[in-house]
1. Conditions: (1) within 21 Å of the chain's Cα centre (by Cα); (2) surrounded by fewer than 20 Cβ atoms within 10 Å (Cβ to Cβ); (3) modelled with pLDDT under 90. Residue 345 meets all but one. Number of the miss?
2. Which of the residues spanning segment 340-368 are out of contact with any helix residue (DSSP H, G or I) (no Cβ under 8 Å at 6 or more places or on another chain) and part of a loop (DSSP other than H, G, I, E, B)?
3. Could you list, in sequence order, all residues of segment 540-561 that are under 29 Å from the mean Cα position of the chain (by Cα) and either at pLDDT 90 or above or not assigned by TED's automatic domain parsing to the domain that holds residue 512 (or both)?
4. When you check residue 224 against the structure, is it at pLDDT 95 or above, within 25 Å of residue 395 (Cβ to Cβ), surrounded by 24 or more Cβ atoms within 10 Å (Cβ to Cβ) and under 16 Å from the mean Cα position of the chain (by Cα), yes or no?
5. For segment 422-435, check the following and say yes or no: at least one residue is within 23 Å of residue 244 (Cβ to Cβ) and assigned to a strand (DSSP E or B).
6. Can you tell me which residue among 537, 530 is out of contact with any strand residue (DSSP E or B) (no Cβ under 6 Å at 6 or more places or on another chain) and at pLDDT 95 or above?
7. Among the residues of segment 287-301, which ones are in a strand (DSSP E or B) and more than 15 Å from the chain's Cα centre (by Cα)?
8. Just name the residue that is nearest to residue 276 (Cα to Cα) out of those in segment 305-315 that are crowded, with 20+ Cβ neighbours inside 10 Å and in contact with a helix residue (DSSP H, G or I) (Cβ under 9 Å, 6 or more places away or on another chain).
């Protein structure tokens with residue numbers, strides 16, 4: 001049988017070390033911490049600016065906070081929000097909520113008070129676990145709501161609660177980040193409806209024998225996580241994930257990336273985001289690994305920490321690698337300990353991936369997934385990765401390409417919508433049955449999630465993304481995919497970053513516009529015409545940006561993705 005005759009075709013190149021299906025633990029996610037704390041009590045689970053949080057202490061703090069939550073009225077199935085930048089307390093908070101049989105609602109810490117109210121009212125959140133710098137915004141959002149919808153409690157921690165008294169020079173972040181970390185803003189006052197408690201006081205309360213949490217009763221199919229995702233219209237919607245849907249990628253990630261208990265990960269992707277949640281918060285705990293936490297991206301510190309802690313595994317986003325290369329010190333970064341470098345969220349420019357190979361001998365194993373799929377449905381096997389490619393469907397996953405209009409499955413090589421079926425797919429959107437129904441189709445008796453992303457599959461079963469369904473530019477009948485133009489522009493010696501959007505054109509209907517961040521050495525002399533001239537030499541005429549606008553930086557979400565929709569909306573309103 002030839003490779004192309006095998007269905008699905010990626011099974012012909014499937015690495016022999018990987019199982020094709022993965023029997024999952026028939027337990028809750030909390031049990032993963034119970035096991036690791038019993039096996040490795042004195043091993044650092046997390047390192048935070050040189051301060052270890054060992055597995056036994058992580059377990060004890062989560063138990064104590066769970067006891068506080070239950071003593072303050074949190075019942076099974078209640079929603080508890082976690083609003084924090086990356087820190088050990090985020091991990092403690094998540095496991096405490098799970099220990100209390102409740103549901104974690106991770107919230108982007110970049111949200112302002114005007115936006116936070118939605119994360120109180122929509123899921124019916126009862127408690128917010130946050131940091132002192134964000135507690136005021138939570139209280140402000142809460143105060144705007146009717147009393148019946150307000151939170152019962154806000155618990156606030158300081159970053160210094162988990163930091164050493166003095167920092168080693170190699171562990172010290174930039175001055176601005178250090179000042180933010182060491183700040184201790186006043187907490188908002190309690191009100192008649194909402195209490196406010198210091199983190200340390202909550203832990204001290206929960207450590208008392210009389211306040212130990214009750215028996216853990218959560219089952220694999222109980223709701224565990226309610227992360228919110230933005231769509232093309234309306235307010236963000238909560239994605240319902242159970243312990244079981246999350247467990248698959250928690251377990252699969254370590255196997256796919258050749259991780260062992262000796263692995264050391266760099267946890268810098270925001271944990272509120274599904275990728276950081278799986279690979280920074282849940283995966284290291286289940287695998288008995290050590291994770292080195294960065295609360296915010298700091299390229300100089302990241303370069304030092306990889307060498308200092310001999311980081312072996314790093315899940316990141318391409319913009320971090322691009323920024324690392326932009327450092328004047330990048331050539332001195334010792335990345336030799338890295339064994340597995342992976343990520344997603346945006347396509348890795350081929351020119352940047354090639355630099356990783358040429359200069360550091362590292363192949364970037366790109367992956368693909370969504371909040372609805374608990375991160376990856378696709379990933380490149382590290383031993384057989386293709387550049388600028390989503391990879392193959394991961395263990396236990398069936399993905400196909402369909403015509404987005406007829407829903408018919410398309411042949412190899414044709415572009416259509418990516419749909420996926422697998423154990424990591426969410427149960428539906430919280431409180432939105434119509435949106436849930438529209439998100440799924442049935443093929444061969446199986447329920448497939450419609451990703452809304454356009455892509456194609458090659459003859460070996462590797463998937464390649466083309467673009468979002470809504471993002472295509474129609475210029476005089478020619479279809480231009482912005483991501484394709486962006487990836488080409490990354491090869492331009494003048495360009496550091498680029499985002500391509502559409503602009504109205506009286507003649508073409510739509511035309512291509514590029515918002516460009518120049519490389520430092522080009523900023524004094526480069527002109528928009530220089531980018532356009534380079535593009536004319538490197539891509540088809542209909543793809544060439546007719547408009548180039550320079551920017552100091554591209555707007556990015558809390559997870560580091562370029563916010564192309566924001567740029568597109570600004571252009572539409574111009």
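1. Checking residue 345 against (1) within 21 Å of the chain's Cα centre (by Cα); (2) surrounded by fewer than 20 Cβ atoms within 10 Å (Cβ to Cβ); (3) modelled with pLDDT under 90, the one that fails is (2).
2. If the condition is that a residue be out of contact with any helix residue (DSSP H, G or I) (no Cβ under 8 Å at 6 or more places or on another chain) and part of a loop (DSSP other than H, G, I, E, B), then 361 is the only one that fits.
3. Within segment 540-561, 549, 550, 551, 552, 553, 554, 555, 556 meet the criteria.
4. Against the criterion (at pLDDT 95 or above, within 25 Å of residue 395 (Cβ to Cβ), surrounded by 24 or more Cβ atoms within 10 Å (Cβ to Cβ) and under 16 Å from the mean Cα position of the chain (by Cα)), residue 224 does not qualify.
5. Taking every residue of segment 422-435 in turn, at least one turns out to be within 23 Å of residue 244 (Cβ to Cβ) and assigned to a strand (DSSP E or B).
6. That would be 530, the only listed residue that is out of contact with any strand residue (DSSP E or B) (no Cβ under 6 Å at 6 or more places or on another chain) and at pLDDT 95 or above.
7. 290, 291, 292
8. 315
The values are calculated or read from the model by the stated rules, or taken from the named source; none is laboratory data. Please read these numbers as outputs of a predicted model, since none were measured by experiment. For neighbour counting, all protein chains shown are included, and Cβ atoms are generated from backbone atoms with ideal geometry for every residue, glycine included.
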